[in-house]
1. Quick one: would you say residue 85 is closer than 28 Å to residue 166 by Cβ, touching a strand residue (DSSP E or B) at 6+ places or on another chain (Cβ under 9 Å) and assigned to a strand (DSSP E or B)?
2. Determine, yes or no, whether residue 143 is touching a strand residue (DSSP E or B) at 6+ places or on another chain (Cβ under 9 Å), closer than 18 Å to residue 179 by Cβ and outside the structural domain of residue 77 (by TED's automatic domain parsing).
3. Scan segment 125-136 and report the pairs whose first residue is not assigned by TED's automatic domain parsing to the domain that holds residue 22 and at pLDDT 85 or above and whose second residue is surrounded by 10 or more Cβ atoms within 10 Å (Cβ to Cβ) and not in a strand (DSSP E or B), with Cβ atoms within less than 6 Å and a gap of 6+ or a chain change.
4. With respect to residue 173, is the statement that it is surrounded by fewer than 18 Cβ atoms within 10 Å (Cβ to Cβ), in contact with a helix residue (DSSP H, G or I) (Cβ under 6 Å, 6 or more places away or on another chain) and at pLDDT 90 or above true?
5. For segment 19-68: of the residues being at positive phi and touching a residue at least 24 places away in the same chain (Cβ under 8 Å), which is surrounded by the most Cβ atoms within 10 Å (Cβ to Cβ)?
6. Residues that are under 22 Å from residue 86 (Cβ atoms), at least 1 per element: which strands (runs of 3 or more DSSP E) completely within segment 102-206 meet that?
């Protein structure tokens with residue numbers, strides 16, 4: 001009997017080929033895992049429905065798109081009602097799990113009872129071409145420090161102890177973007193501990209429009225999340241307020257400029 005469930009919210013603009021790749025990486029895990037999917041204002045094809053039914057996937061189809069946070073919270077509530085589950089793992093449509101991902105994260109959480117949320121590094125692919133591997137901090141102390149300045153967790157790589165959700169914690173549904181970053185801040189403020197496994201347990205896939213979406217759609221919500229971090233995390237708050245403003249301005253730059261700046265980083 002499995003103690004582990006993947007959750008995935010699939011929104012407008014998804015590609016079925018990407019979904020198939022993600023599903024296969026969930027079905028092929030080295031330990032038994034279940035999968036719960038929320039289709040957020042989109043309808044899966046008959047072929048996808050057949051695949052999901054054949055693999056005992058629990059899925060829900062919403063007529064109206066209500067946003068990622070709403071979809072995730074729906075799935076979390078659904079999983080929490082089933083007593084056998086101990087761990088919830090995130091995954092996003094288009095990203096691919098390493099076959100041992102669930103096994104390694106479950107073992108980590110069983111071995112490290114002081115950790116509530118564990119992510120991993122990610123292999124970054126741009127238009128199916130490998131670009132680099134993330135180098136995020138590993139310890140709770142370093143992750144909490146890094147949260148003041150940036151998001152040090154790859155959201156589809158994260159595994160949670162289900163108890164924090166049973167205690168009532170949820171994503172903020174008012175945040176149409178940057179839900180994860182704000183959620184990490186709320187969890188840190190509530191006393192939860194984080195870690196990253198220093199291994200790429202997922203492939204994070206980006207297309208040619210990734211930077212454009214980041215620059216145009218998340219700037220307002222990223223600004224809100226950074227102001228939230230400045231208030232919640234306390235120290236250096238004036239610097240964090242200033243950083244929030246600078247990042248907001250950066251997101252307004254032309255996409256070509258942002259792509260060039262990120263290319264220098266990589």
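1. Numbers: closer than 28 Å to residue 166 by Cβ: yes; touching a strand residue (DSSP E or B) at 6+ places or on another chain (Cβ under 9 Å): yes; assigned to a strand (DSSP E or B): no.
No.
2. Numbers: touching a strand residue (DSSP E or B) at 6+ places or on another chain (Cβ under 9 Å): yes; closer than 18 Å to residue 179 by Cβ: yes; outside the structural domain of residue 77 (by TED's automatic domain parsing): yes.
When the stated conditions are applied, residue 143 passes them.
3. Matching pairs, first to second residue: 136/152.
4. Working: surrounded by fewer than 18 Cβ atoms within 10 Å (Cβ to Cβ): yes; in contact with a helix residue (DSSP H, G or I) (Cβ under 6 Å, 6 or more places away or on another chain): yes; at pLDDT 90 or above: yes.
The answer is yes for residue 173.
5. Of all residues in segment 19-68, those at positive phi come to 41, 56, 67.
Within this subset, residues satisfying the condition of being touching a residue at least 24 places away in the same chain (Cβ under 8 Å) are 41, 67.
On the way: 41: 15, 67: 19.
Here the answer is 67.
6. Details: elements: 117-126, 129-133, 159-161, 194-206.
It comes to 117-126, 159-161, 194-206.
The values are calculated or read from the model by the stated rules, or taken from the named source; none is laboratory data. What you are looking at is a predicted structure, and each value in this text was computed from that prediction instead of being measured. Every residue, glycine among them, receives a Cβ derived from its backbone with ideal geometry; neighbour counts consider all protein chains shown.
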